[in-house]
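Derivation of every value follows stated rules applied to the coordinates shown; laboratory data play no part. What you see is a predicted model; the values in this text were computed from it and never measured. Here the Cβ is made from the backbone with ideal geometry for all residues, glycine too, and neighbour counts use every protein chain on show.
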Amino acid sequence: MASVSIARPRRLLLMWPLWPQALLLFAFFVVPVLFIGFASLHDKTGVLTARNYLSFVMDPYNRAVIARTLLIGISTTALTLVLGYPLARAIVRGPRAARWFLSAAVLFPLLTSSIIRSFGWLVLLANNGLLNDALHSVGLPKVHLIFNSIGVTVALAQVLLPFMVLSLANALTNIDPAIEDAATTLGSPPLRRFFKVTLPMLVPGILAGSLLVFAIAISAFVTPALIGGPRAEVMATMIYTDATQVGNIGAASAASLILLAMTLMVVTLYYRVIFSESHDSSARPV
Amino acid sequence: MRLFRVSMPGPSDSTVRLLPNSDHSESAASVQETRTGPALEITDLTKRYDQSVAVDSFSLKAGRGELVALLGPSGCGKTTTLRMIAGLVEPTSGHIILEGRPVDRVPIHRRNIGMVFQQYALFPFLSVFDNVAYGLRERRVRKDELRGRVLKMLELVGLSGLEQRRTAQLSGGQQQRVALARALVINPALLLLDEPLSNLDTKLRERVRGEIRDLQRRLNITTVFVTHDQDEALSIAHTIVVMRGGRIEQIGSPLEIYQRPASTFVADFIGACNLVPARVAAVEDGVAKCQLVSGALATVPGDNLRPGDGVTLAIRPEKLRLGPRGEGGASEGVSGVVRSASYLGARTSYEIDVASVILRCDVQSESTPLRIGKAVSITWEQGAWQAFQ
């Protein structure tokens, strides 16, 4: 490779278009994380301690919050996958007019403020909201959909659906429709064809979309704050409460880093899978 | 009107099945289903989209083991026709009868049709073996039998030893064979090929098309083959269907299509052809004498021509002979001037200017080609021209 022969300083010089981004990332991500890391390891009096982490992990309430956050992340991902695939398919394979309309409809939630969107869900899902009124009018019992994980998941799935749809649509675009046709002519009915042929080829898109949705879902703040409320606290809302209302910067910092670690773990896992996939198909011993 | 055929066990047509075992589900049926009628019968197949008609009243009969080429320029409806036969496109109207059984209402995955796609459409995540085995697994073929059939088929297409390869590691020609093996291993009643050679380079294409023909004849499998390449169609098909704008222009053997094209379109599309406007001068005993623009006369068979008719005369470039001016002899001819010469190895293709009409003339190459600007005379056998109204 040519780049090997170029001396290191010169190579850095050649990467000048990346410098502004690197600077920005350093100033507004690395430095704050270092600060938070520093804060998480000190108590209120400024003494070095690991107590913030220990007490966080030991507290059953905090563990429940972690579990709830993960659960919301997983169920939001699953919900966007199930809802997103038919949409992605219609956008990629559907008639031209439907493509345009559906793409616009899918992207639209991204253009509205998350606060307005969350209030919209409140109006729909509240105990005396539209949905429960409708259920009541046909004689069905009311369902509790806000101030719990269900409402948060539904609302998050709506916001994050575009990310999943775009990832799946992108993966689907790379699949030659003739491959599915081939499976059909060889005797696969539609559902079996999906699991035997389409799904394996969609894996990269599913992983990419899931990574985005999961990472954003577990760190979301506004939607859980408004729809989940204090009764369905997640990591982000808890960090906010700790930092601004309780004033426990150390605990908030520790929780932030735990959340960051959770996200990084998912990202690492993603790259492991993607790497092994591409490695597998390109160089397999014969 | 819907045609339902009652299946009649006709006299055995002694079809030799090269593949050892047909599927259990169909083995009993396939013995019963040998019949005397055509293997494939298509009646008035039509596909209409909102405003346009992609395929208009396509009808075709093909016998068992026949290789039919659908030939035409892009957009002529040949691929849509193929996809309708496969069941991938739903016809607006018309009927398809496969081995005596109407398949209009049979879902694609039960039609038992093997199809090879233009880009091969191999399953990228499966090995060569698993690609070929796919259709057999869908048919729940027992494991040991499946293995035997897959290996035998891979041997037949010359891919033995590559079973465990990933398809991405194969060359274009090898991928195309995997696609063929995958389509054939299920013992399909019909093999459909959608431009199977268009992704191969010229040299390989000729070899592979020969292999496809040999395999098709050995297995005696009824085949419909879509191509825009006239050489492909002429060299391997039993029957050529020339299509244009969704309609059939002509159905015939390669010889008929080439020697007796039904229209100027067919004449021009299959092989090179000189098309010259002319006027009928006289008709006698079913033979018309036509006057070319240059004033020369050409004799054509013409029962339905009347003196004074304007016609288009057609002749193949290789049917024209070139000689020095004045060497007319007994046959008919015109004189002209050499406009250009293309040396093609064995043959040389000249463009001759005859009263500002350009005639293409392919002759055997000689050591010194004719100079540009040289006056020559063009002669032809009587009856070499064909007239179109």
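Of A:Thr241, A:Thr185, A:Thr268, which has the largest mean-square fluctuation in a 10 Å C-alpha GNM of chain A?
Result for chain A, Cα springs under 10 Å: A:Thr185 fluctuates most.
Considering only B:Gln259, B:Ile270, B:Ala288, whose Cα is most displaced toward the positive end of the charge dipole of the range B:216-345, charges sitting on Cβ of Lys, Arg (+1) and Asp, Glu (-1)?
B:Ile270
Per q in 0.08, 0.13, 0.14 1/Å, what log10 I(q)/I(0) does a Debye calculation on the alpha-carbon atoms of chain B return?
Debye output, listed in q order: -0.54, -1.06, -1.15.
Mind pulling the per residue volume of the convex hull built on the Cα atoms of the range A:110-248? Å³ is fine.
That works out to 151 Å³ per residue.
Using a 10 Å cut-off around each Cβ, can you sort A:Val31, B:Val53, B:Val283 from fewest to most neighbouring Cβ atoms?
Ranking A:Val31, B:Val53, B:Val283 by Cβ neighbours within 10 Å, fewest first, gives A:Val31, B:Val53, B:Val283.
For B:Ser57 paired with B:Gln382, estimate the spin-label separation in nm (one decimal), with each label point 7 Å from Cα along the Cα-to-Cβ line.
In this crude spin-label approximation the distance works out to 3.9 nm.
Which translational diffusion coefficient, to the nearest whole µm²/s, is obtained for the range B:142-301 from the Stokes-Einstein equation, given a Kirkwood hydrodynamic radius over C-alpha pairs, 20 °C and 1.002 mPa s?
113 µm²/s
Apply 1/(1 + (r/R0)^6) to the Cβ-Cβ distance of A:Leu131 and A:Leu13, taking R0 = 60 Å, and write down the FRET efficiency to the nearest 0.05.
Calculated transfer efficiency: 0.50.
What's the Cα-based Rg to Rh of the range A:61-187, Rh via Kirkwood?
Expressed as Rg/Rh, it is 1.08.
For the range B:39-267, what log10 I(q)/I(0) values come out of the Debye formula at q = 0.10, 0.14, 0.18 1/Å, with one point per alpha carbon and no solvent?
Summing over Cα pairs of the range B:39-267 leads to -0.45, -0.88, -1.36.
Can you tell me which lysines have their Cα less than 26 Å from the Cα of B:Lys319? Leave out same-chain residues fewer than eight positions away.
Partners found: B:Lys289, B:Lys374.
For the protein assembly as shown, what is the charge dipole size about the Cα centre, in debye to the nearest 20, if Lys and Arg each add +1 at the Cβ and Asp and Glu each add -1 at the Cβ?
So the dipole magnitude of the protein assembly as shown works out to roughly 1320 debye.
Among B:Thr227, A:Thr173, A:Thr77, what is the fewest-to-most ranking by other Cβ atoms within 10 Å?
Going from sparsest to densest Cβ surroundings: A:Thr173, B:Thr227, A:Thr77.
What residues of the range B:152-170 lie in the reach of a label at B:Leu204, counting those whose backbone N is under 11 Å from a point 7 Å from the Cα along Cα→Cβ?
In the range B:152-170, the label zone of B:Leu204 (backbone N under 11 Å from the point 7 Å along Cα→Cβ) covers B:170.
Treating only the Cβ of Lys, Arg, Asp and Glu as charged (+1, +1, -1, -1), what charge dipole size does the range B:39-267 show about its Cα centre? Round to the nearest 20 debye.
740 debye
Return one number: the angle in degrees, 0 to 90 and rounded to the nearest 10, between the long axis of the Cα atoms of helix B:128-138 and the longest principal axis of the Cα atoms of chain B.
70 degrees
In nanometres, what is the gap between the two model label sites at A:Thr244 and B:Lys319, each 7 Å from Cα along Cα-to-Cβ?
Calculated label separation equals 9.0 nm.
Give the calculated FRET efficiency between A:Arg93 and A:Phe195 to the nearest 0.05, with a Förster radius of 25 Å applied to their Cβ-Cβ distance.
With a Förster radius of 25 Å, E is 0.90.
log10 I(q)/I(0), Debye, Cα-only the range B:269-324, no solvent, q = 0.26 Å⁻¹?
Values, matching the q order: -1.04.
Would you calculate, for chain B, the mean residue ellipticity at 222 nm contributed by helices, counting each DSSP H stretch of 4 or more residues as -39,500 (n - 2.57) and dividing by all residues, to the nearest 500?
-7000 deg cm²/dmol
Rounded to whole Å and sorted largest first, what semi-axes of the equivalent ellipsoid does the C-alpha gyration tensor of chain A yield via the square root of 5 times each eigenvalue?
36, 33, 18
Taking R0 as 22 Å, what FRET efficiency do you get between A:Leu111 and A:Asn170 from their Cβ-Cβ distance, rounded to the nearest 0.05?
0.60
Can you put A:Val82, B:Val354, A:Val213 in order of Cβ neighbours within 10 angstrom, beginning with the fewest?
Fewest-to-most Cβ neighbours within 10 Å comes out as A:Val82, B:Val354, A:Val213.
What distance in nm separates the simple spin-label points at B:Arg339 and B:Asn304, each placed 7 Å from Cα in the Cβ direction?
Calculated label separation equals 3.1 nm.
In straight Cα distance, which lysines are under 18 Å from B:Lys78, not counting same-chain residues fewer than 8 positions off?
Counting by Cα, and skipping residues close in sequence, B:Lys78 has these lysines nearby: B:Lys47, B:Lys61.
May I ask you to list the trypsin sites (Lys or Arg not before Pro) in the range B:36-116 that are in a DSSP loop and have at most 11 other Cβ atoms within 10 Å of their Cβ?
Passing sites in the range B:36-116 are B:Arg105.
What three numbers, in Å, describe the spread of the alpha carbons of the range B:272-388 along their principal axes, ordered from the longest?
Here the Cα extents, ordered largest to smallest, are 44, 24, 23 Å.
As an exercise, identify the trypsin sites (Lys or Arg not before Pro) in the range A:34-116 lying in DSSP coil whose Cβ has no more than 16 other Cβ atoms within 10 Å.
Counting only loop positions with at most 16 other Cβ atoms within 10 Å, the trypsin sites (Lys or Arg not before Pro) in the range A:34-116 are A:Lys44.
Semi-axes of the equivalent ellipsoid of the range A:174-286: what are they in whole Å, largest first, if each equals the square root of 5 times a C-alpha gyration tensor eigenvalue?
One finds semi-axes of 43, 19, 8 Å for the range A:174-286.
Could you state the principal axis extents of the C-alpha atoms in the protein assembly as shown, from the largest down, to the nearest angstrom?
Taking the Cα atoms of the protein assembly as shown, the three principal extents are 121, 71, 55 Å.
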